[in-house]
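A.B. asks: Before I ask anything, here is the structure I am working with.
The values are calculated or read from the model by the stated rules, or taken from the named source; none is laboratory data. For clarity, every value in this text was computed on a predicted model and none was experimentally measured. Counting neighbours? That spans all protein chains shown, and the Cβs are built from the backbone with ideal geometry, glycine included.
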There are 2 protein chains.
Amino acid sequence: MTLPEAGKLHKVSIGDFDTEAGALISDVHIAFQRWGDLRGDNVLLVEHALTGDSDAAQWWAEAIGPGKALDTDRWCVICTNALGSCYGTTGPSSTHPDGRAWGSRFPAVSIRDQVHAEKAFLDALGIGRVHAVLGGSMGGARTLEWTLLYPEKVGAACVIAVSARASAWQIGIQSAQISAITRDPAWNGGDYYNTGDAPSHGLAAARRIAHLTYRGELEIDERFGTTPQADENPFGPFRSDNQRFAVQSYLEHQGTKLVNRFDAGAYVSLTEALNRHDVGRGRGGLNKALASSQVPTMVVGVDTDILYPYHQQEHISRNLGHLLGMSKLSSPMGHDAFLTEARQMDRILRKFIKRSQDDVSGTQH
Amino acid sequence: MTLPEAGKLHKVSIGDFDTEAGALISDVHIAFQRWGDLRGDNVLLVEHALTGDSDAAQWWAEAIGPGKALDTDRWCVICTNALGSCYGTTGPSSTHPDGRAWGSRFPAVSIRDQVHAEKAFLDALGIGRVHAVLGGSMGGARTLEWTLLYPEKVGAACVIAVSARASAWQIGIQSAQISAITRDPAWNGGDYYNTGDAPSHGLAAARRIAHLTYRGELEIDERFGTTPQADENPFGPFRSDNQRFAVQSYLEHQGTKLVNRFDAGAYVSLTEALNRHDVGRGRGGLNKALASSQVPTMVVGVDTDILYPYHQQEHISRNLGHLLGMSKLSSPMGHDAFLTEARQMDRILRKFIKRSQDDVSGTQH
């Protein structure tokens with residue numbers, strides 16, 4: 001098929017989809033965007049994080065474009081919206097064939113399901129192999145699964161700020177976020193789409209918790225400390241939701257911003273996929289699975305990541321069958337550093353592209 | 001006054017109490033327990049953590065007793081329940097003079113208020129000076145405030161696993177907990193005590209979040225990893241609250257346990273006190289306040305503490321006017337290590353007691 005105009009959102013049908021856990025999602029569509037021309041084996045598949053979308057040239061603006069590390073003069077960068085999300089790809093808020101929203105009928109999807117769906121999408125586009133897959137956080141989990149599910153289709157991989165499986169701590173904090181949403185009376189068991197209401201308070205609460213795991217605690221403290229929000233007094237004689245510290249206002253703003261752009265059902269669906277992330281499942285365990293990987297893979301982490309501590313990337317690196325290299329982002333930003341530390345990411349991504357070409361062409365390095 | 005029987009819960013009236021923020025709490029009572037005989041200047045005042053109580057010989061069993069680090073053959077160990085709590089000391093669930101619960105009428109209290117109330121309690125007992133104050137977490141915050149509010153009454157201090165002020169990250173995660181409670185429909189603005197209902201779901205949710213900050217992520221992962229709860233399948237075709245990972249069940253158990261022993265209003269009150277913790281307030285800033293301290297103070301931290309990272313104790317140590325020493329607990333347990341790493345705490349507390357005696361008697365060390 002001919003690719004759509006550069007940067008333009010487009011949807012591809014992949015038909016009915018069977019999930020890893022044995023449920024059927026009928027009539028699945030995958031939304032995507034691309035930048036740069038497709039010339040055979042020059043695809044860079046970029047994977048977004050939890051609440052991200054296919055507009056990678058926006059959220060990774062400093063990494064993607066002409067002359068940039070992911071050089072769209074040389075590469076065809078493709079980014080799809082993940083299965084279960086709400087930016088065009090089929091998810092809980094999508095319309096079921098019966099005309100109503102999927103809601104609670106949308107099955108649990110795993111990271112593997114997202115990769116299988118993306119593979120079906122590439123098949124539909126007639127793309128048999130990509131030069132590399134790259135992604136951070138949930139995108140890193142998908143990248144890692146790509147190397148294990150379809151190694152023959154991936155030239156190289158760059159796995160950023162993620163672990164080989166959900167840790168118990170991650171499952172705990174992620175379940176707290178799911179619970180914040182499902183405890184919202186407007187959740188209605190997941191079937192709120194035609195009620196005129198939505199679990200916005202729950203979604204905002206989930207985001208506030210999540211955001212504290214996305215940022216380094218020193219970074220947040222340097223910005224806000226114990227400063228009161230302007231014209232508010234958090235030291236008054238009675239506690240008040242309207243008399244806040246600046247950091248409370250900031251976190252509430254983060255929650256509101258997400259509510260305005262994201263669906264609570266999709267948030268639950270994708271968070272559940274992260275809970276189920278485990279490359280060892282059905283493969284003889286984590287380290288056996290990692291050792292079996294033959295795709296040249298670069299691993300990247302952040303020194304101050306609370307959510308995916310650096311030792312988790314060290315674990316991946318130590319056990320991977322074909323390690324292309326390892327890089328550490330040094331930053332007070334925490335987990336989000338892969339999105340915000342543009343200068344460091346530029347160097348890392350250029351190194352990755354270089355090594356991936358050397359490796360594919362058999363050069364020693 | 002004569003002290004009550006060793007280990008027995010007793011209440012002392014300190015009358016009306018004016019809070020730092022300018023509210024009145026009438027007819028305040030302080031609940032306490034003591035172990036060991038009072039012989040002049042031999043009081044060790046132990047300060048409990050957020051949801052702790054005055055039964056220090058229970059929650060610090062390996063530290064307090066005959067022959068133990070806090071040797072009750074030598075010392076009179078006294079522990080009070082903090083102002084705002086629910087174990088005998090006046091708090092939101094206590095009876096207002098009008099016969100109904102305080103509820104939303106209970107003012108915001110600060111860590112300083114808790115110390116002022118405790119000082120009034122010691123006055124009521126006729127105890128003019130204590131040999132030392134010791135405590136971890138919220139108890140560490142109270143201990144630090146003791147050294148600044150009443151330096152002439154404190155021989156030495158042991159400040160464990162706390163910071164000189166709330167960090168923005170702490171305020172964020174603590175506010176998420178408060179919000180989990182106040183978003184519970186049963187909260188009723190804080191006035192649920194005569195409704196026959198209580199915000200138990202909210203309190204449990206708060207505790208689940210909090211617990212993830214009390215334990216090291218490696219410790220939780222080593223115990224639970226991605227193991228499913230017995231007879232449950234968290235990998236089924238649909239997400240279900242009844243099909244859980246073991247860590248979810250564990251955290252829910254922690255929530256339920258707290259609900260069965262603690263009041264949600266007290267949880268909000270004490271968490272708010274932690275939000276307001278700032279030894280620099282009104283004293284020219286953090287470092288000036290710390291530098292002004294003349295009480296010999298030992299500082300203790302945990303290498304894996306997520307809630308009060310070790311750099312916060314390093315900050316206290318670097319700036320304190322009279323540092324008695326610094327110790328690091330090395331443990332995967334995280335913040336709770338000061339309660340669970342009995343062997344290490346035993347050595348630290350014995351060192352503290354020794355140095356406090358040397359220092360008080362003027363010995364060089």
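A.B. asks: Which condition number does B:Val159 fail, the rest of (1) buried (at least 24 other Cβ atoms within 10 Å of the Cβ); (2) more than 14 Å from the chain's Cα centre (by Cα); (3) closer than 11 Å to B:Ser293 by Cβ being met?
C.D. replies: So the condition that B:Val159 fails would be (2).
A.B. asks: Let me ask another. Tally up the residues in region A:218-272 that are of a type in the set (S, T, N, Q) and within 30 Å of A:Ile25 (Cβ to Cβ), please.
C.D. replies: Final tally of qualifying residues: 3.
A.B. asks: Can I ask one more? Sort out which residues of region A:1-50 are within 14 Å of chain B (Cβ to nearest Cβ) and among the aromatic types (Phe, Trp, Tyr), and write them in order of number.
C.D. replies: A:Phe17, the sole residue that qualifies.
A.B. asks: Sticking with this structure for a sec: Taking helices (runs of 4 or more DSSP H) that do not extend beyond region B:106-187, which have at least 1 residues that are among the basic types (Lys, Arg)?
C.D. replies: Output list reads B:111-125, B:138-149.
A.B. asks: Another question, then. Among the numbered criteria (1) under 30 Å from A:Leu218 (Cβ atoms); (2) crowded, with 23+ Cβ neighbours inside 10 Å; (3) aromatic (Phe, Trp, Tyr), which one does B:Tyr250 miss?
C.D. replies: (2)
A.B. asks: Within region A:286-301, is there a residue that is surrounded by fewer than 21 Cβ atoms within 10 Å (Cβ to Cβ), within 18 Å of the chain's Cα centre (by Cα) and either at negative phi or within 10 Å of another protein chain (Cβ to nearest Cβ) (or both)?
C.D. replies: no
A.B. asks: Sort out which residues of region A:137-174 are within 11 Å of chain B (Cβ to nearest Cβ) and touching a strand residue (DSSP E or B) at 6+ places or on another chain (Cβ under 8 Å), and write them in order of number.
C.D. replies: A:Ala164, A:Arg165, A:Ala166, A:Ala168, A:Ile171, listed by residue number.
A.B. asks: Could you tell me whether any residue of region B:94-111 is under 20 Å from B:Gln33 (Cβ atoms), away from chain A (no Cβ under 14 Å), crowded, with 20+ Cβ neighbours inside 10 Å and within 16 Å of the chain's Cα centre (by Cα)?
C.D. replies: Checked against the condition, which is being under 20 Å from B:Gln33 (Cβ atoms), away from chain A (no Cβ under 14 Å), crowded, with 20+ Cβ neighbours inside 10 Å and within 16 Å of the chain's Cα centre (by Cα), region B:94-111 yields no hits at all.
A.B. asks: Oh, and also: Within region A:327-359, track down each residue that is modelled with pLDDT of 95 or more and of a type in the set (D, E, K, R).
C.D. replies: Selection gives A:Lys328, A:Asp336, A:Glu341, A:Arg343, A:Asp346, A:Arg347, A:Arg350, A:Lys351, A:Lys354, A:Arg355.
Residue-wise test of (1) hydrophobic (A, V, I, L, M, F, W, C); (2) assigned by the TED database to the domain that holds A:Arg261; (3) surrounded by 23 or more Cβ atoms within 10 Å (Cβ to Cβ).
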| site | (1), (2), (3) |
| --- | --- |
| A:Leu24 | yes, no, no |
| A:Phe32 | yes, no, yes |
| A:Pro66 | no, no, no |
| A:Ile78 | yes, no, yes |
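A.B. asks: Could you list, in sequence order, the residues of region B:206-226 that are within 8 Å of chain A (Cβ to nearest Cβ), more than 23 Å from B:Gln170 (Cβ to Cβ) and not basic (Lys, Arg)?
C.D. replies: Matches in region B:206-226: B:Phe224, B:Gly225, B:Thr226.
A.B. asks: What are the pairs, 6+ residues apart or on separate chains, where a residue within region A:338-358 that is in the same structural domain as A:Gly139 (by the TED database) has its Cβ under 6 Å from a residue that is modelled with pLDDT under 95 and not polar (S, T, N, Q)?
C.D. replies: Between residues of region A:338-358 that are in the same structural domain as A:Gly139 (by the TED database) and residues that are modelled with pLDDT under 95 and not polar (S, T, N, Q), the close pairs are A:Asp358/A:His365.
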